[in-house]
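S.K.: Below you will find the structure I want to go over with you.
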């Protein structure tokens, strides 16, 4: 089983991805995998590949892609916006449905990818192509906290790499203070994206559930509760993965890209068993 | 000189290799520039996908494209989007074969038979292993390859710790380390010592003799070698000519180029270090292939 390399979308906003088709002639369902942002996307790459493989074995057509200006897709990171990436999700979903022949698809997102699929799903509510099921894994629910977290992680990563305190690194190497907009954790965040993140507060979960979309979620322990609904299945993650770091808690370097959280794979697979609209 | 805008729209993703299991992104040179004298190879860093840590390889590829140099960034077998090869081979052998297949693809796409591989961390291992085996690899940049501390390294490492952490913490850590080392030596008399590499990446860690032998074979074959080191290993590599001291007993100290980028971290996350690294790579590779202006690349037609 090997994927097809695909390029799709508007030529001025091209997207690159991998399309996995099941061996059976007819795909059971389409599954769109939406990556998180920045170093989290890179560290989660092996997880996404594993997830794509598992879902394809379950008979799904799977599309995993990079938003414009990220990963292998054309474009510069500094020119991006949340709205632009939401439109990329819509393009990717249209491409997946067209290539696989499925009517409605399931979407998976990790981190900022989970946030983006929520927002992109809202944009589809008036259309016949809204997703049947969303899997929101460790979604970003507060953009300001997320941005501050990235800046903090930037400093601690540099401290670990240089075995020195941040002020010493700044003084000795001229490393700028991380800020939004600016370069944080190795990625340039432009002014528009910084504004988008700053304004990001909460997810439109109630509206999505109200529109009949099923949601499975994995959220950090202690996260503010979401509205109760028979369409919502949420698990609490006592040991959420720190996707931003390349170091284990004891300070030793590790290849974080190797992390594949099994609970997330199970959550995605469980959506294939859910009753109701998902099996349409 | 400001660089012309480069359009990433011309990049192509493709399968290549004898089994068509390898995935690469081809970045062609910007149109309107002179015929490229060489192409650049970029690959995985650890198990980061081919875009590299913090999308480093994408930035390098586009910078080279702006000055007329094409590149191929590829996933080794089993990494990123590349599937495993069907025939089981030792890992190092497989990855060397993958790299040679990448050069076949560059030759097929551009007709170029001279390549430079920029290897970061484990990518440096692959470049180091491939260079003596394929005459098309005319230059290699090794970023944080194996580290061989000298006595001077140990002294400077202690001074670094004093500056970074102060006397109290330094003395505490030193005492803790002495106790731990003594314990380890009692249990394992062949523990790491000066002259032995402390890096644990890649397919195997050569002794300094083996390492120098391989570097000798590479430079004897006419391949240019640039060693670059980050500031992330202040206790293992901490002065500019450490690699020269390592290789002098083997008569190789004049045969290589080197640099210590103190402001660069091991995965080039930081802004200053990343900029310095890319500049050094472009300056050296431009000079190797006769570009008069070094980093600015070939002359505009």
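S.K.: Quick one: order B:99, A:127 by neighbouring beta-carbon count within 10 Å, fewest to most.
M.R.: Working: B:99 27, A:127 8.
So the residues, fewest neighbours to most, are A:127, B:99.
S.K.: Principal axis lengths of chain A from Cα atoms, whole Å, largest first?
M.R.: The Cα atoms of chain A stretch 60, 42, 34 Å along their principal axes.
S.K.: Now a separate question. Return the single residue from B:47, B:118, B:178 with maximal mean-square fluctuation; model: Gaussian network over chain B, springs between Cα atoms under 10 Å.
M.R.: In this elastic network of chain B, the residue with the biggest mean-square fluctuation among B:47, B:118, B:178 is B:178.
S.K.: Using a Förster distance of 45 angstrom, determine the FRET efficiency expected from the C-beta separation of residue A:206 and residue B:217, and round it to 0.05.
M.R.: Working: r = 67 Å, r/R0 = 1.48.
That gives a FRET efficiency of 0.10.
S.K.: FRET efficiency for residue A:10 and residue B:154, Cβ-Cβ distance as r, R0 = 60 Å, nearest 0.05? Provide the component values of the computation, followed by the final result.
M.R.: Numbers: r = 58 Å, r/R0 = 0.97.
So the FRET efficiency works out to roughly 0.55.
S.K.: Could you tell me how many degrees, from 0 to 90 and to the nearest 10, lie between the Cα long axis of helix A:82-100 and the main elongation axis, the longest principal axis, of the Cα atoms of chain A?
M.R.: 40 degrees
S.K.: Next up: Shielding by partners for A:7-20, please: the mean number of other protein chain Cβ atoms within 10 Å of each residue's Cβ.
M.R.: Details: counts 3, 0, 0, 0, 1, 1, 1, 3, 0, 4, 2, 4, 0, 0.
Mean partner shielding for this stretch: 1.
S.K.: Most mobile of A:18, A:56, A:124 per a Gaussian network model of chain A (Cα springs, under 10 Å)?
M.R.: Residue with maximal mean-square fluctuation among A:18, A:56, A:124: A:124.
S.K.: How much of the DSSP beta bridge set in the protein assembly as shown is antiparallel, as a percent to the nearest 5?
M.R.: Working: 25 of 75 bridges.
Expressed as a percentage, antiparallel bridges in the protein assembly as shown total about 35.
S.K.: Now for a separate question. Give the distance, in whole Å, between the Cα centre of the range A:62-98 and the Cα centre of the range A:168-199.
M.R.: Taking the Cα centre of the range A:168-199 as reference, the centre of the range A:62-98 is 23 Å away.
S.K.: Tell me the Rg and the Dmax, in Å, that the Cα atoms of the range A:87-133 produce.
M.R.: Considering the range A:87-133 through its Cα atoms, Rg and Dmax are 10.0, 29 Å.
S.K.: On a 0 to 90° scale, report how tilted helix B:56-66 is relative to the longest principal axis of chain B, with both axes built from alpha carbons and the result rounded to the nearest 10.
M.R.: 40 degrees
S.K.: I would also like to ask the following. Neighbouring Cβ atoms within 10 Å as the yardstick, rank B:87, B:59 fewest first. Don't jump to the answer; show the numbers that get you there.
M.R.: Working: B:87 9, B:59 20.
The fewest-first ordering by Cβ neighbours comes to B:87, B:59.
S.K.: I've got another one for you. Once a ≥ b ≥ c are taken as the square roots of the eigenvalues of the Cα gyration tensor of the range B:59-135, is the result rounded (a/c under 1.5), prolate (a/b larger than b/c) or oblate (a/b not larger than b/c)?
M.R.: Values: a/c = 1.66, a/b = 1.58, b/c = 1.05.
Judged from the Cα gyration tensor, the range B:59-135 comes out prolate (a/c at least 1.5, a/b above b/c).
S.K.: Say we join alpha carbon atoms closer than 10 Å with springs in a Gaussian network model of chain B; which of B:220, B:144, B:98 then has the biggest fluctuation?
M.R.: Most flexible of the set in this elastic network: B:220.
S.K.: Considering every pair of different Cα atoms, what Kirkwood radius, in Å, is found for chain B? Can you show the working numbers first?
M.R.: On the way: mean 1/r = 0.0495 Å⁻¹.
About 20.2 Å, per the Kirkwood formula over Cα pairs.
S.K.: Given the rule -39500 (n - 2.57) for each run of at least 4 DSSP H residues, summed and divided by the residues of the protein assembly as shown, what is its mean residue ellipticity at 222 nm, to the nearest 500 deg cm²/dmol? Numbers along the way, then the final one.
M.R.: Details: 16 runs with 215 residues, N = 581.
Counting only the DSSP helices, I get -12000 deg cm²/dmol.
S.K.: Looking at the protein assembly as shown from every direction and averaging, what is the projected area of its Cα convex hull in nm²? Mind dumping the intermediate values first?
M.R.: On the way: hull surface 109.3 nm².
With every direction weighted equally, the projected area is 27.3 nm².
S.K.: Let me ask something else. Quote the convex hull volume per residue of the range A:45-127, based on C-alpha atoms, as a whole number of Å³.
M.R.: 100 Å³
S.K.: Exposure proxy check: B:281, A:39 ranked by fewest other beta carbons within 10 Å? Please report the intermediate quantities before stating the final value.
M.R.: On the way: B:281 22, A:39 28.
In increasing order of surrounding Cβ atoms, one gets B:281, A:39.
Any read-out appearing in this document is the output of simple, stated calculations on the displayed coordinates, not a laboratory observation. Just so you know, these numbers come straight off a predicted model, no measurement behind them. No Cβ is skipped: glycine too gets one built from the backbone with ideal geometry, and neighbour counts run over all protein chains shown.
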